[in-house]
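Asks: Handing you this structure, nothing more for now.
The values are calculated or read from the model by the stated rules, or taken from the named source; none is laboratory data. Since the structure is predicted, the reported quantities are computational estimates derived from the model, not experimental observations. FYI the Cβ positions are ideal-geometry reconstructions off the backbone, even for glycines, and counts take in every protein chain you see. These area figures cover heavy atoms from the full protein model, side chains too; ligands, DNA and RNA do not enter into them. Shrake-Rupley method; radii C 1.70, N 1.55, O 1.52, S 1.80 Å.
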Amino acid sequence: MTWTPTAEDDRRFLSLAIEQARKSWDEGGVPIGAVLVHDGKVLAAGHNQRVQKDSAILHGETDTIEKAGRLRASVYRESVLYTTLSPCIMCAGTALLYEIPRIVIGENRAFEMSEALLRERGVAVDVLDDPECIELMERMIAERPEIWSEDIGVETAELGARTDAPGAADEGQGR
């Protein structure tokens, strides 16, 4: 990468992802947002739109990459993906496909299933443990458990019984 983001850059771009997450929440959706950045410039910002667009695959990261449009491989290979929540396997797979070298994660307490895979494939994964991101997901799980369970591919009744339920982030199964 020709651009090396500072801690201040990471906070600034994560804040943009949080804005996207709040937008999704306000629209009745899952509060997960993401931003794709290349050379210090935002290429695209998106948020989870599974509820809003009745989509099975529009998570925050995939929505963002879709909005970025068709880009040269070299652009993806020099970009950073900022996301409010640790990516699921689908979103991690998309980042791996395009060889995005770094992912900055707002929080991974509510959900985590792909960080080891990303690291094994050479992706730099930085978790900021951001209080706003944590609060958004705690509110989501408390107020809209049926939407959250759908988003991670489980039945609502399974949330408390599974090892990948909120609070057991290192054992995650889906998002």
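Asks: For segment 114-159, which whole-number percentage of the solvent-accessible area (1.4 Å probe, protein heavy atoms only) is attributable to carbon and sulfur atoms?
Replies: Accessible surface attributable to carbon and sulfur in segment 114-159 totals 47 percent.
Asks: Evaluate the charge dipole of segment 7-157 about its Cα centre and quote only its size in Debye, nearest 20, assuming +1 on the Cβ of each Lys and Arg and -1 on the Cβ of each Asp and Glu.
Replies: Dipole size: approximately 600 debye.
Asks: Looking at the chain, send over the antiparallel percent of its DSSP beta bridges, to the nearest 5.
Replies: So the antiparallel bridges in the chain amount to around 55 percent.
Asks: Could I ask something else about it? What number comes out for accessible area per residue over the chain if the probe is 1.4 Å? Units Å², please.
Replies: 46 Å²
Asks: With an 8 Å Cα cut-off and a minimum separation of 6 or more residues, compute the relative contact order for the chain in percent.
Replies: 18 percent
Asks: While we're looking at this one, here's another question. So if I average 1/r over every pair of distinct C-alpha atoms in the chain and take the inverse, what Kirkwood radius in Å does that give?
Replies: 15.7 Å
Asks: Can you pull the percent of segment 1-101's accessible area that's carbon plus sulfur, 1.4 Å probe, other chains left in place?
Replies: For segment 1-101, the apolar C and S fraction of the accessible surface comes to 51 percent.
Asks: Residue farthest toward the positive end of the dipole of the chain, with Cβ of Lys/Arg at +1 and Asp/Glu at -1: which of 42, 25, 134?
Replies: 42
Asks: If you don't mind, there's one more thing I want to ask. How much FRET efficiency would the formula 1/(1 + (r/R0)^6) give for residue 41 and residue 139, where r is the Cβ-Cβ distance and R0 is 25 Å, rounded to 0.05?
Replies: Computed FRET efficiency for residue 41 and residue 139: 0.20.
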